[in-house]
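Down below is the structure, laid out as structure tokens.
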Amino acid sequence: MSTRIEKLKLVGMHCASCAVTIEKKLKSLKGVVSAVVNFASEEAEVEYDPSKVTLKEIVNAIRDVGYDVYKEEAYLTIQNISSVEEEPIIENKVRSLPGIIDVRASHVAKSLSVTFNPLTTSINSIKELVEAIGYKVTSVKGEIEIEDIESKILREEIAKLKKIVILSLTLALSLAIYMMTGSLGIKLPYWEYRHVIGFILSTPVILIGGYRFFIGAYKALKNRSASMDTLVSLGTGTAYVFSIAVMAGLIESPETYFEAGAVVIAFILLGKYLELKMKIRTGEAVRKLMELQAKKARVIRNGREVEVPIDEVKVKDIVIVKPGEKIPVDGIIVEGQGYVDESMLTGEPIPALKKERDPVVAGTILKSGSLKVIATRVGKETVLSQIIKLVRQAQMGKPPIQRLVDKVAGYFAWIVIAIAILTFSYWYFIASIPLNLAILFTASVLLIACPCALGLATPTAIVVGVGRAAELGIIVKNMEVLEKIPKLTTIVFDKTGTLTKGEPEVTDIYAVNGYKELDILKIAYVAEKRSEHPLAQAIVRKAKQAINEYDAEPEFFDSIPGQGVIAKVNGKTIVIGNEKLMRAYEVDLTPITNIVRKLREDGKTVIYVAVNGELAGVIAIADTPREHAVHVVSYLKRKGLKVVMLTGDNRVTAKAVARKLGIDEVIAEVLPEDKTDVIKNMQRKGEIVSMVGDGINDAPSLTQADVGIAMGGGTDIAKEAGDIVLVKNDLRGVVTALEIGGAIRRKIVFNLFWAFIYNVVLIPIAAGALYPLTGLILRPEFAGLAMALSSISVTANALTLKKWKPPRNL
Amino acid sequence: MVKDPVCGMEVNPAETPYKTVYKGTVYYFCSKHCKKAFEENPEYYLKHGPVGMPHMHKEE
């Protein structure tokens, strides 16, 4: 057993017990020989057996217990990866390097994305390895950059292919027409030399047009695999070599098949050409996003306004934006105002008025007015760049079903070759038909089989679907959810900020035990002003309106998550929070029981204020439900999902809010840290759960859920948890996300189904299954045409996702 | 730094999210598990002092 030692930089450790947790978890993995975690240096050294456990599993284990590993990403553009069968070959080679956490190759995007441990390996070693197995790496990026390398490569390839297609089609079709007319018995010039004419006209097509297939087949052979190229090479090669033998008089045959080989290559190339043209369109969504990024910006340097390339803009630069221009950075307006069109990022069609101190994001367009913006995030940090990066990563993603397809595709070509050999053996040796017919059937089998359609079915649907989702403000980060969406049974919504606007307001104040309402506000203000909790901020806002010139610094302050705050002011202990906190201080709540009940039945959140263990009063806070919340809930219920509201709030309050929204099931009084357990319990009962919440605060429960949906509005999209992130702060996005996820999934299944059926039905026909009965011979030309059409139809079918529209009946 | 009343470890009260209030005093913990253990039986830990990490971070 050979083991490997990997050093990992850990993220998120905050106490020594974390080290023990991680060590224990690592040691519980099969294949891990030893694990040492150093709290001080935040490093882990793991010795493991790579044949039993992968680095990815180790990293996932660390993430499972709530920490993370520092990793880097590289994005390599590989020019000469052309088929789906090559993907696992490259992936496996790269994965065998130490320090590789994850690797995805895509023949559609012509790229390889690698997640690796920078302590062990480097981008360069990855590049060298990929080149060593015969691939040409044209560019290497530390991260996916705002640059459209892919489509440039695609465009170059299309231009090159176009010439070859024209040449091949002209030669092949003229030859085919000549041969067909001649065989109908019409007298043609030089008919007696038809074999030689066939040879002369078909050879350039085979050599020039077929070159890419032969090279591809050779490369596959070198890696001991067989691909689509192998099949095309064998199919056309058989027909061509047989024909030469006939022409040379080595074999007796009434016909040659020069035209068949040439026509097949011409058709397949034409198919490839059309497919590439469509492929360019599949990536349009990302391209549109990229075009939103301004290339230049006007900044103030040394008191003067200068225009600089966007890369040179730094954080804290003052950027000037004129009407009609794209805002080049994320920032805050320091001067001026104007209407900003954010439709490309949020789908919101009406430009919004932005004033001084309002935040703006890169990629939005200033419609009117003029702005000075201080840059807070530039380059790859901007929301726009993060979205582009996420979408592109997602487009590289593979849902589990594709892994199965990849496996099948790996054997596919071999199976077809076996069928071809059987076909030939049967017809020639057993059925004893003439050699030329046996060759014809064999070539047709090789040429009609289409691993391409199988390979294209999933990635094209994902690239188009994920791109369309991004246009609608929905970032699908994790492809595995596609498989879970159709199985969902339950959808859990966090209350505050998700079902409600998250802008709570103080509605009522009641004072008891001799205090006055204003006293309550004053006390609460001092105690709460250091808290970031939205309810605390609502109190602070209200207090600032009501009182002036009152300030004191608390001598002590602490907040208890899910309960409230404790402060000492002028020697008095002030406790503000819920019942649980009051109980811990043994505060008598009876004087106000009736009022509290009434407030809660109105859906208000009640906060108690106590001074030195005595109740001073209560503050009632209400948060208005979000627009569309009622419709979204009823839509999801119509779809047969169980809708649940999850909140830390009091049960009576939560029930009142739920009633307004039409939600039947409420899980209330849940501490933030226990939300994950609630989801886990549901899953234990066999429910497939989607959780909708805030991507930062609800991160653990979003991760726990089968489909975690993060409500957007956040600026650090990349850091947000969740499988799906809604960029637009609109609850309807939940429905849109689930529906488009379902649509992408259906498209993949549909595509795969037809690709399989196509092969299952047509291979036997090509092999001559119908010949004994009907005399039907599927000539290689038509086999090639059918194959080209199947790839085109899969791509075209995926493209229909571009027009997908969110449901209207919301 | 204060002591976690369950496991006895040093905890930074400004950083840990795991806190609870009992009889007017705030207690700080290194983990959710210590906090849960304390909440189930606070008197035991206050009387006996820290007992190490009996069921620390085990998988639920």
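The values are calculated or read from the model by the stated rules, or taken from the named source; none is laboratory data. Source: prediction; values computed, not measured. Because the Cβ atoms are built from the backbone with ideal geometry, glycine has one as well, and the counts that use them run over all protein chains shown. Surface areas here come from the heavy atoms of the whole protein model, side chains and all, with no ligands, DNA or RNA. Shrake-Rupley method; radii C 1.70, N 1.55, O 1.52, S 1.80 Å.
Condition check: open to solvent by 60 Å² or more (accessible area, probe 1.4 Å) and in contact with a helix residue (DSSP H, G or I) (Cβ under 9 Å, 6 or more places away or on another chain). Does A:K580 satisfy that? Judged against the criteria, A:K580 is not a match. State yes or no: is B:V26 within 11 Å of the chain's Cα centre (by Cα) and part of a strand (DSSP E or B)? For B:V26, the condition - within 11 Å of the chain's Cα centre (by Cα) and part of a strand (DSSP E or B) - is met. The set of residues in the stretch A:15-69 being within 14 Å of another protein chain (Cβ to nearest Cβ), surrounded by fewer than 16 Cβ atoms within 10 Å (Cβ to Cβ) and modelled with pLDDT of 80 or more consists of A:K27, A:S28.
Considering (1) at pLDDT 85 or above; (2) more than 48 Å from the chain's Cα centre (by Cα); (3) open to solvent by less than 40 Å² (accessible area, probe 1.4 Å), the lone condition that A:I547 does not fulfil carries the number (1). Candidates are the residues of the stretch A:601-614 that are open to solvent by less than 60 Å² (accessible area, probe 1.4 Å) and either within 14 Å of chain B (Cβ to nearest Cβ) or out of contact with any strand residue (DSSP E or B) (no Cβ under 6 Å at 6 or more places or on another chain) (or both); the one that is nearest to A:Q563 (Cα to Cα) is A:Y608.
With the requirement that a residue be under 21 Å from A:N729 (Cβ atoms), assigned to a helix (DSSP H, G or I) and either open to solvent by less than 30 Å² (accessible area, probe 1.4 Å) or in contact (Cβ under 8 Å) with a residue 60 or more places away in the chain (or both), what does the stretch A:635-667 give you? Those that are under 21 Å from A:N729 (Cβ atoms), assigned to a helix (DSSP H, G or I) and either open to solvent by less than 30 Å² (accessible area, probe 1.4 Å) or in contact (Cβ under 8 Å) with a residue 60 or more places away in the chain (or both): A:Y635, A:L636, A:V657, A:L661.
Just to be sure before I move on: is A:A567 buried (at least 20 other Cβ atoms within 10 Å of the Cβ), within 14 Å of another protein chain (Cβ to nearest Cβ) and in contact with a Pro (Cβ under 7 Å, 6 or more places away or on another chain) in the structure I sent?
Details: buried (at least 20 other Cβ atoms within 10 Å of the Cβ): yes; within 14 Å of another protein chain (Cβ to nearest Cβ): yes; in contact with a Pro (Cβ under 7 Å, 6 or more places away or on another chain): yes.
Against the criterion (buried (at least 20 other Cβ atoms within 10 Å of the Cβ), within 14 Å of another protein chain (Cβ to nearest Cβ) and in contact with a Pro (Cβ under 7 Å, 6 or more places away or on another chain)), A:A567 qualifies.
Within the stretch A:621-634, how many residues are of a type in the set (A, V, I, L, M, F, W, C) and either assigned to a helix (DSSP H, G or I) or under 21 Å from A:A584 (Cα atoms) (or both)? Qualifying residue count, the stretch A:621-634: 4. Does any residue of the stretch A:769-777 turn out to be open to solvent by less than 60 Å² (accessible area, probe 1.4 Å) and touching an Asp or Glu at 6+ places or on another chain (Cβ under 8 Å)? The answer is no, given that none of the residues of the stretch A:769-777 is open to solvent by less than 60 Å² (accessible area, probe 1.4 Å) and touching an Asp or Glu at 6+ places or on another chain (Cβ under 8 Å). For the stretch A:668-702, the tally of residues that are open to solvent by 40 Å² or more (accessible area, probe 1.4 Å) and not in a helix (DSSP H, G or I) stands at 7. A:V340 meets the conditions (1) in a strand (DSSP E or B); (2) touching a helix residue (DSSP H, G or I) at 6+ places or on another chain (Cβ under 9 Å) in every case but one. The failed one is (2). When the residues of the stretch A:630-645 are filtered to those that are within 12 Å of A:L499 (Cα to Cα) and out of contact with any helix residue (DSSP H, G or I) (no Cβ under 7 Å at 6 or more places or on another chain), the one that is modelled with the highest pLDDT is A:V644.
Looking at the stretch A:227-235, is at least one residue surrounded by fewer than 17 Cβ atoms within 10 Å (Cβ to Cβ) and in a helix (DSSP H, G or I)?
Taking the stretch A:227-235 and keeping what is surrounded by fewer than 17 Cβ atoms within 10 Å (Cβ to Cβ), we get none.
No; the residues of the stretch A:227-235 include none that is surrounded by fewer than 17 Cβ atoms within 10 Å (Cβ to Cβ) and in a helix (DSSP H, G or I).
So, in the stretch B:1-19, of the ones that are buried (at least 22 other Cβ atoms within 10 Å of the Cβ) and over 20 Å from A:Y67 (Cβ atoms), which residue ends up farthest from the other protein chains (Cβ to nearest Cβ)? Only one residue fits best here, namely B:P5.
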